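Q: Below is one structure. I have some questions about it.
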Amino acid sequence: MNPASRRPLVAGNWKMHGSRADAACLINELVARGVGTGSSEAVVCPPFVHLEEARRRLEGSRIGLGAQDACAEEQGGYTGEVSAAMLADAGCRYVIVGHSERRALYAESDDLVARKFLAAGRHALVPILCVGESLAERERDATRTVILRQLDAVLGAAGVPAFGRAVVAYEPVWAIGTGLTASPAQAQEVHALIRGRIAENDATIAASLRVLYGGSVKAANAAELFAMPDVDGGLIGGASLKADEFAAICAAADR
């Protein structure tokens, strides 16, 4: 398992699924199963409109609350957006930035992702910075180039000290919602690349940085993935909507 200085983290990204009642039921079941009470940290990231319901249901538990995105701006005429300040006020501790679906479907650039990362930090939110390559990029052997470009954009804007209270999630786009999963060796190779880039700037921060894997993680493969030396947990999509599956993934991170 990974060094004791890096407490494993399992974050559930619910995406655009479920009703308020579904959110309440799922959280109640996670709490009843003792999720978050082991050696790993657990976080759920529901849709914006369910944050208040989630916050209320999570009170007294050890499961953290996160959001799926944040606006790069502080306030103003940005209809439909939600600022990092609002998320912090709503009880969030974490926020996902640069998710592959935001990059692909909403054309979020590396620069915009970096600005969102900075906005999260200004309001004491822990950014979960997502990086990852498409199948076409992997097939043309561009994985290293893509990952470092995405990471360097944030390093350049925020500086390496900001990674002292951040999380990075490697999500191979070709393994999200496809049933495909990077092998433990493939995941480890990219996680080591990410940690190595941070180490070039600050070895101490690199050693403590949590790097999560996100790409069709499920109970059946979690333990094998989490056993890799540079894999510190997971950013879980569909499996986080099933209490038994998410609990089992968290249990794998506890080992």
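Quick note: the coordinates plus some simple rules give every number you see, no bench work behind them. The structure displayed is predicted, hence computed values, not measured ones. Cβ coordinates were reconstructed from backbone atoms using ideal geometry, including for glycine residues, and neighbour counts include every protein chain displayed.
Q: Where does the chain land at 222 nm, in deg cm²/dmol rounded to the nearest 500, when only DSSP H runs of n ≥ 4 count, each adding -39500 (n - 2.57), divided by all residues?
A: Details: 11 runs with 111 residues, N = 255.
Per the formula, -13000 deg cm²/dmol.
Q: Which value results for Rg/Rh of the chain when Rg is the Cα radius of gyration and Rh the Kirkwood radius based on the inverse mean 1/r? It would help to have the intermediate numbers written out before the result.
A: Values: Rg = 16.8 Å, Rh = 17.9 Å.
A ratio of 0.93.
Q: Moving on. Evaluate the distance, in nm, between pseudo-label points positioned 7 Å from the Cα of residue 93 and of residue 49 along their respective Cα→Cβ axes.
A: 2.8 nm
Q: Among 167-176, 83-92, 192-201, how do they line up by average Cβ neighbours within 10 Å per residue, starting with the highest?
A: Numbers: 167-176: 24.3, 83-92: 19.1, 192-201: 16.9.
For the peptides 167-176, 83-92, 192-201, the packing ranking is 167-176, 83-92, 192-201.
Q: Would you mind checking which residues have amide H under 5 Å from residue 95's amide H? H placed 1.01 Å from N; only 5 or more apart, or other chain.
A: Those lying under 5 Å, H to H, from residue 95 are 67, 126, 128.
Q: Report the net charge of residues surrounding residue 146, where surrounding means a beta-carbon distance below 14 angstrom and charges are Lys +1, Arg +1, Asp -1, Glu -1. Before the final figure, lay out the partial values.
A: Values: positive: 103, 138, 140, 144, 149, 197; negative: 110, 133, 137, 139, 141, 152, 171, 189.
Net charge around residue 146: -2.
Q: Give me a comma-separated list of calculated 3J(HN,Hα) values for the stretch 214-221, in order, Karplus coefficients 6.51, -1.76, 1.60 applied at θ = phi - 60°, integers in Hz, x for any Gly or Pro.
A: After applying 6.51 cos²θ - 1.76 cosθ + 1.60, I find x, x, 6, 6, 9, 4, 5, 10 Hz.
Q: Right, here's the next one. How long is the gain from residue 149 to residue 106 if the chain were fully straight, where each residue apart is worth 0.36 nm and the alpha carbon distance is subtracted? Don't skip to the end; give the middle numbers.
A: Details: separation 43, 0.36 × 43 = 15.48 nm, distance 1.87 nm.
Net length gain for the segment: 13.6 nm.
Q: Right, another one. Between residue 83 and residues 5 or more places away or on another chain, which pairs have amide H atoms under 5 Å apart, with H built 1.01 Å from N, and which residues are they?
A: When sequence neighbours closer than 5 places are left aside, the close amide H contacts are 71.
Q: What residues qualify as long-range amide H neighbours of residue 169, i.e. H under 5 Å apart, gap of 5 or more or another chain, H built at 1.01 Å from N?
A: 129, 130, 131, 212
Q: Moving on to the next point. Residue by residue through the stretch 183-191, what is 3J(HN,Hα) from phi via Karplus (6.51 cos²θ - 1.76 cosθ + 1.60, θ = phi - 60°)? Round to whole Hz and write x for glycine and proline.
A: Listing the rounded values in order: 5, x, 5, 5, 4, 4, 4, 6, 4 Hz.
Q: Let me ask something additional. With the Cα gyration tensor of the stretch 1-151 giving a ≥ b ≥ c as the square roots of its eigenvalues, does the rule (a/c under 1.5 for rounded; else a/b larger than b/c for prolate; else oblate) give rounded, prolate or oblate? Kindly include the intermediate steps, with their values, before the conclusion.
A: Values: a/c = 1.77, a/b = 1.29, b/c = 1.38.
Oblate shape, in that a/c is at least 1.5 and b/c is the bigger or equal ratio.
Q: For the stretch 122-135, take each phi angle, set θ = phi - 60°, evaluate the Karplus expression 6.51 cos²θ - 1.76 cosθ + 1.60, and give the result in whole Hz per residue in order, putting x for glycine and proline.
A: Working through the residues one at a time gives 5, 10, 6, 8, 8, x, 9, 7, 9, 9, x, 10, 7, 4 Hz.
Q: In the stretch 9-254, if the dipole is taken from +1 on Lys/Arg beta carbons and -1 on Asp/Glu beta carbons about the Cα centre, which of 213, 192, 54 is farthest to the positive end?
A: 54
Q: Mind giving me the nanometre distance, one decimal, between the label points for residue 244 and residue 79, set 7 Å out from Cα along Cα→Cβ?
A: Result: 4.6 nm between the two label points.
Q: Can you tell me which lysines have their Cα less than 20 Å from the Cα of residue 242? Leave out same-chain residues fewer than eight positions away.
A: Qualifying lysines at Cα under 20 Å: 15, 218.
Q: May I pose another question? Note the per residue figure in Å³ for the convex hull of the C-alpha positions in the stretch 135-255. The partial results should precede the final answer.
A: On the way: hull volume 12.7 nm³, N = 121.
Roughly 105 Å³ of hull volume per residue.
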